[in-house]
Amino acid sequence: MHQFESPLKPELAEIIRVKEETPFLKTFTVRFLDKKKQKQFSFIPGKFVMASVFGFGEMPISISSSPYQKDSLQLTVNAVGNISRQMHLLGKGSVVGLRGPFGRGYPIQKFRKKNIIFFSGGCGMASMRSAVYAVNAKKELFGKLFLFHGCKSPQELLFAEDIAKWEKEQNFNVFVSVDKPTPDWKGNSGFVTDLIDKVDFPVENTFVLMCGPQAMMNIAIEKFRKHGFKPEQIFASLERLMHCGIGKCGHCNIGKEYVCVHGPVFSGSELEKMHLREG
Ligand SMILES: Cc1cc2nc3c(=O)[nH]c(=O)nc-3n(C[C@H](O)[C@H](O)[C@H](O)COP(=O)(O)OP(=O)(O)OC[C@H]3O[C@@H](n4cnc5c(N)ncnc54)[C@H](O)[C@@H]3O)c2cc1C
Ligand code: FES
C-alpha cells in the first residue's frame with residue numbers, strides 16, 4: 001500500500017549520500033524533503049519504489065536499506081540504461097522523486113522460528129539486503145540463517161562490508177561464489193546455484209527467499225525442489241518492465257498477475273501456476 005496522498009504523484013526526496021559499491025552500482029541514501037512523510041514511510045523488504053530522475057523518467061527500484069532505518073532509505077542502482085545512468089550522475093543535494101512503496105514483499109512474519117536461506121545473484125542482493133537486515137535485527141525469533149550470493153567477479157561483489165560482517169556472526173552461514181575469480185579471490189568460484197548441491201542445509205522448517213536473474217532463479221528453484229523443498233517454501237522476486245506501479249497500465253503482467261501489485265515477490269506455488277520459464 002502506498003503511503004502518500006496520490007500513488008501517482010512523486011514525493012521529493014534529497015540524496016544525502018552516494019556510495020560507489022562496484023564499477024556499475026551505486027547506493028543512494030535519500031530522505032523525503034517533507035519530514036512528516038519521511039517519518040510516515042514504512043515498508044516490508046522486497047517492496048519497491050518508482051524513482052524519478054526528473055527530465056528523464058521513472059524506474060522501479062527495490063529498497064535496499066533496513067525497514068528499521070527510519071530517517072532515510074537506500075536505493076542501490078545498477079547503471080544499465082537511460083534513467084539509471086542519469087541517476088548515477090546525481091550527487092549529494094540532488095533531488096529525485098519517489099512513489100510507493102509498492103507491491104508485495106517477503107512475508108517475513110511467516111518465517112518466525114524457521115530457518116531461512118537468502119539466495120541472491122548480482123544486483124538482486126539489493127532487495128535481499130533489506131530482508132537480511134530485517135531478520136538479523138531480530139535474530140532470536142528465527143532459526144538457522146544461510147546466505148548464498150553469486151556475482152560475476154570479485155570486483156562486482158555488492159555490499160562486501162555487510163557480507164564480511166555477516167560471515168563473522170554466529171548462526172549465519174554465508175557462501176559467496178564468483179563466476180570468474182581473480183588470482184587473489186579466496187572464496188568459492190562457479191555459479192552460485194552449484195553451491196546448492198555442495199552445502200548442507202536443513203529442508204524441514206526452512207524457507208528460501210530469492211532475488212536475481214530469472215535464469216539463476218529457475219535453476220535454483222529446480223535444485224531446491226530436488227532437495228525436497230515444497231513450492232510453498234520458496235519465495236522469489238520477479239522483475240518486469242513497469243510504468244504505473246499500481247496495476248493500471250498493464251506493462252508488468254504475466255497472465256492475470258500484475259507483478260507491480262501481486263508481486264514482485266511470489267511464492268513457488270504461485271510461480272508454478274504462472275508457468276514462468278523465460279530467461
Ligand atoms: C520490482 C523491481 C525492482 C527492481 N529493483 C532494482 C534495484 O534495486 N536496483 C536496480 O538497479 N534495478 C532494479 N530493477 C530494475 C530496474 O528497474 C531497471 O534496470 C530500470 O528500469 C532500468 O531503467 P533504465 O532507463 O536505466 O534502463 P532502460 O533503458 O529502460 O533499459 C536498459 C535495459 O534493461 C532492460 N530493462 C529495463 N527495465 C527492466 C526490468 N524491469 N526488467 C528487466 N529488464 C529491464 C531493458 O529492456 C534494457 O535492455 C528493479 C525492477 C523491478 C521490476
Ligand atoms: S506497472 Fe502498470 S500495471 Fe504494473
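Bear in mind that the values in this text are calculations on the coordinates, not laboratory data. Since the structure is predicted, the reported quantities are computational estimates derived from the model, not experimental observations. FYI the Cβ positions are ideal-geometry reconstructions off the backbone, even for glycines, and counts take in every protein chain you see.
Take every DSSP beta bridge whose two residues both sit in the chain, then give the antiparallel share in percent to the nearest 5.
Taking every DSSP beta bridge within the chain, about 55 percent pair in antiparallel fashion.
Would you calculate, for the chain, the mean residue ellipticity at 222 nm contributed by helices, counting each DSSP H stretch of 4 or more residues as -39,500 (n - 2.57) and dividing by all residues, to the nearest 500?
Calculated from helices alone, the mean residue ellipticity at 222 nm is -5500 deg cm²/dmol.
Considering only the stretch 108-274, what is the antiparallel percent among its DSSP beta bridges, to the nearest 5? Kindly include the intermediate steps, with their values, before the conclusion.
Values: 5 of 30 bridges.
Antiparallel bridges make up about 15 percent of those DSSP assigns within the stretch 108-274.
Rounded to a whole number, what is D in µm²/s for the chain from Stokes-Einstein with the Kirkwood radius over alpha-carbon pairs (20 °C, 1.002 mPa s)?
112 µm²/s
Give me the base-10 log of I(q)/I(0) for the stretch 108-274 at each q in 0.08, 0.10 Å⁻¹, Debye formula, one uniform scatterer per Cα, rounded to two decimals.
Here the Debye-derived log intensity ratios amount to -0.24, -0.38.
In which sequence would 242, 274, 217, 128 go, from the one with the fewest C-beta neighbours within 10 Å to the one with the most?
274, 242, 217, 128
Just flag the trypsin sites (Lys or Arg not before Pro) in the stretch 43-87 sitting in loop per DSSP whose Cβ has no more than 15 other Cβ atoms within 10 Å. Walk me through the numbers before you get to the answer.
Working: sites: 47, 70, 85; in loops: 70.
Passing sites in the stretch 43-87 are 70.
How far apart, in nanometres, would the label points at residue 5 and residue 170 be if each is projected 7 angstrom from Cα along the Cα-to-Cβ direction?
Label-label distance for residue 5 and residue 170, simple model: 5.1 nm.
Under a cut-off of 17 Å between alpha-carbon atoms, report the lysines in cross-link reach of residue 139, not counting same-chain residues fewer than 8 places apart.
Cross-link targets: 110, 113, 114, 165, 168.
Can you pull out the trypsin sites (Lys or Arg not before Pro) in the stretch 103-176 whose DSSP state is coil and whose Cβ has at most 15 other Cβ atoms within 10 Å?
Those that pass, being in a loop and sparsely packed, are 112, 113, 138, 144, 152.
If amide H atoms are built 1.01 Å from N in the plane of the peptide, which residues on other chains or at least 5 residues away come under 5 Å of the amide H of residue 179?
Long-range HN contacts for residue 179: 151, 152, 153, 190.
Could you tell me the distance between the Cα centroids of the stretch 212-276 and the stretch 114-166, to the nearest Å?
19 Å
The chain: longest stretch without exposed GluC sites (Glu not before Pro) (DSSP loop, at most 16 other Cβ within 10 Å), sites themselves excluded? Please list the in-between numbers first.
Values: sites that count: 5, 169, 204, 278.
Looking at the chain, 6-168 is the longest stretch - no exposed GluC sites (Glu not before Pro) with at most 16 other Cβ atoms within 10 Å.
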